[in-house]
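Here's the structure we're looking at; comments come further down.
The values are calculated or read from the model by the stated rules, or taken from the named source; none is laboratory data. Bear in mind the structure is a predicted one, so any value in this text is a computation, not a measurement. Methodologically, a virtual Cβ is constructed for each residue, glycine included, from the backbone with ideal geometry; neighbour enumeration extends over all protein chains shown.
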Amino acid sequence: MLLFFNSGVVKSARQVGEQAPKFSLSNATGKAVSLDSLLDQGPVVVTWYRGGWCPYCSITLRALQKALPDIHAAGAQLVALTPELPDKSAATAGKNEVKFEILTDLDHAVAKQYGVVFKLTPEVHDLYRTKFNLTDFNGAGAGNDELPLAATYIIGQDGVIRYAFLHADYRERAEPAALITFLKENKAILTVRP
């Protein structure tokens, strides 16, 4: 059974050198957090996760939390975007002891701007339906057949995407050590203001 896909979404997603679409999303407590406000503090690592039901996402969130002091030491902010409803993202953050912002991307609005949303294959859709209902996690507007890639971007203070990790296999994720190395080695271009 094909558990991942190759629909062309990786090639059509936003790439290095492109302007990052701006966004303002709410965290689990309803506080709005904008990309602009994060960029005022330094470069931003933006990562998507599919949901707290995904073990690979949980592993990644815990790894990013462990790397958070080094990300901050490199002058960057970290934010995770998810289609999960706020109560679900709060549970995911608590379960994984996450201290960085997790923002709810309702109906995949921002993920679609970045081009990282894909449709589940019929086989995967049917498999998920035997385990859980995606609309219980993501709401009716997000549907039960779309998810974001486990994409990660590093956006410079000028709003330009400087690093992009995009992979069709949901098991492949950006390594925190690689993010930290990139942040340290590219500080000069990441901190250029518009």
The residue from THR60, THR47 that alone is touching a Lys or Arg at 6+ places or on another chain (Cβ under 7 Å), over 21 Å from ASP145 (Cβ atoms), surrounded by 20 or more Cβ atoms within 10 Å (Cβ to Cβ) and at pLDDT 95 or above is THR60
State which residue pairs qualify: first residue closer than 9 Å to THR82 by Cα and inside the range 46-62, second residue assigned to a loop (DSSP other than H, G, I, E, B) in any location, beta carbons under 6 Å apart, and separation of 6 or more residues or different chains.
-> TRP48/ALA151; GLY51/GLU84
Which one is nearest to LYS187 (Cα to Cα), of the residues in the range 131-168 that are among the small types (Gly, Ala, Ser), touching a Leu at 6+ places or on another chain (Cβ under 7 Å) and modelled with pLDDT of 85 or more?
-> GLY156
Report the residue count in the range 155-193 for those that are of a type in the set (A, V, I, L, M), touching a Pro at 6+ places or on another chain (Cβ under 7 Å) and over 20 Å from SER12 (Cβ atoms).
-> 2
Elements of type strands (runs of 3 or more DSSP E) contained in the range 127-182, each with 2 or more residues being β-branched (Val, Ile, Thr) and over 20 Å from ALA111 (Cβ atoms) = none
Answer from LEU78, LEU103, LEU35, LEU85 - the residue that is at pLDDT 95 or above, closer than 18 Å to ASN138 by Cβ and not β-branched (Val, Ile, Thr) | LEU103
For the range 1-97, list the helices (runs of 4 or more DSSP H) that sit wholly inside it and hold at least 3 residues that are charged (D, E, K, R) and within 30 Å of PHE132 (Cα to Cα); which are they?
-> 86-95
